[in-house]
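Have a look at the structure below before the remarks.
The values are calculated or read from the model by the stated rules, or taken from the named source; none is laboratory data. All values derive from a computational prediction rather than experimental measurement. Here Cβ is always computed from backbone atoms with ideal geometry, including for glycine, and neighbour counts include all displayed protein chains.
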Amino acid sequence: MSPSYGIEAIVGLVPIYLHLRKLGNRSQLCTNKLPLSHIIQSLINSSPNSNSCFNAVSLDSLTNKQHEIVKGHLIDSANRFNECFSSFNLLNLEFSPGFWVIDNFSDQISFVLNKEKNDKLRAQTLDKMVLESSSSPSVAIIALDTSIQNSVTTSIAHIHTHDKPIIKTIYHVVNITSTEAELFAIRCGINQLSCLNYIFKIIVITDSIHAAKRIFDLSIHPYQVQAVAILKDLCYFFNRHRNNSIEFWECPSHLKWQLHNEVDKETKKFNLVSFFPCKNSWEFSKKYKSNNILNVWKMTFQALNLKESQFLDLVDNDNNPIKPIYTKDGLWLKSFGHSSLLCARATRAITSYAPIDEYRLRFFPREEFKCLYRFYPIESRCHILHKCGRFNGYWNPRRDSLSHFVIFLVFNLNVFSFSNSLA
């Protein structure tokens, strides 16, 4: 049997049939990107506000028997379309040339990325900013964070203004991603402050600065509905006075910085469960289907023994089994992919297709293969990893751990290599 399934898992290549299934699922979501006036939207949109000109030929007008006859991509797209709420707003005026906030008010928008490598210095920079801002009645600070449990996203924002009580806003939304929740929290905070005549500067503190940058992204993306609402509030805020400005400050959660840490703790206090079916966001639906395909890959890889019985099962530093994944180079490749020679030796050892006597015995069962060290009956992979005296450059016996397995290979340069087999 070929070791191709095992090698695919090591390098993070999902099997082709699962990859095609993922592409098919995503193609069904593409109809959500179309404008509401598009003919396909009119055919599959079941909302009462859809274009009435096509009601006679829309999919909703079909009988159950006609639905059984009419099969194909359009039906599947309609089902996926009606599972998701609106995420795109392609033709909105805010995305039209001449109306871009990022062009018209570029000097009033800034992102402050704290590049200090020392966490203590990063926290001190944030402290200094707060001290300077809190003394001014015209400056407002929004500290926000999100948490997801049981597919329920909790978004919390604390609004700090000079000599006034903290304004706390809490929102719970089902079946959205953390990026969408961050944008929603930013939207609510800006909406409350943009209409206050005495506020001239808004400072947003977030651990997801990439989410904040999506507000000013003019390409097609599934956060446009949130971005449009924020841009309208910012446009009003900037037009109110030419000195009005907004700053986005990065504050990673691991800093445990006081203002952000308080919000972070509050988001984790909630453990809500949704009992009723809810629509999904476009991004959540895409992620949910991808996770399902990944789980199918992990299950079939183990249950159907596609990896072969000789595949070397390894664990991570927390003693959790290493499982296939197709993002971020996979867990195996991340540990030894930096060296082509090391990667080749590790792959041979894991798949048991290595130049050792245990492998040769499959093809020459009548020949005798003994280990040269103390005449062990057979030079097997297990013997090499745990017992053979020729490869004792690394003493730690935990070679079922991926990290220790890699260290063993690094210390024993000839193990599982062709140069050793020829010696």
query = Which one of these is crowded, with 17+ Cβ neighbours inside 10 Å, at pLDDT 90 or above and not charged (D, E, K, R): Ser155, Ser138, Ser110?
reply = Ser155
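Results for (1) more than 20 Å from Thr125 (Cα to Cα); (2) surrounded by fewer than 18 Cβ atoms within 10 Å (Cβ to Cβ), shown as yes or no for each residue.
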{"residue": "Tyr223", "(1), (2)": "yes, no"}
{"residue": "Leu234", "(1), (2)": "yes, no"}
{"residue": "Phe238", "(1), (2)": "yes, no"}
{"residue": "His241", "(1), (2)": "yes, yes"}
{"residue": "Glu247", "(1), (2)": "no, no"}
{"residue": "His254", "(1), (2)": "no, yes"}
{"residue": "Gln258", "(1), (2)": "no, yes"}
{"residue": "Asn261", "(1), (2)": "no, yes"}
{"residue": "Asp264", "(1), (2)": "no, no"}
task = Considering only region 259-290, state which residues are polar (S, T, N, Q), part of a helix (DSSP H, G or I) and farther than 30 Å from Met129 by Cβ.
result = Ser285, Ser290
key: Residues that are exposed (fewer than 12 other Cβ atoms within 10 Å of the Cβ), modelled with pLDDT of 85 or more and not aliphatic (A, V, I, L, M), drawn from region 291-316   = Asn291, Asn295, Asp313
ask   = Hey, any hits in region 174-188 for a residue that's touching a strand residue (DSSP E or B) at 6+ places or on another chain (Cβ under 9 Å), buried (at least 20 other Cβ atoms within 10 Å of the Cβ), at pLDDT 90 or above and assigned to a strand (DSSP E or B)?
value = no
request  = Taking the options Ser147, Ser138, Ser134, name whichever one is over 26 Å from His241 (Cα atoms), assigned by TED's automatic domain parsing to the domain that holds His254 and among the small types (Gly, Ala, Ser).
outcome  = Ser147
request  = Sort out which residues of region 1-39 are of a type in the set (S, T, N, Q) and not assigned by TED's automatic domain parsing to the domain that holds Asp76, and write them in order of number.
outcome  = Ser2, Ser4
ask   = Does Leu342 satisfy the criteria of being over 24 Å from the mean Cα position of the chain (by Cα) and either part of a helix (DSSP H, G or I) or modelled with pLDDT of 90 or more (or both)?
value = yes
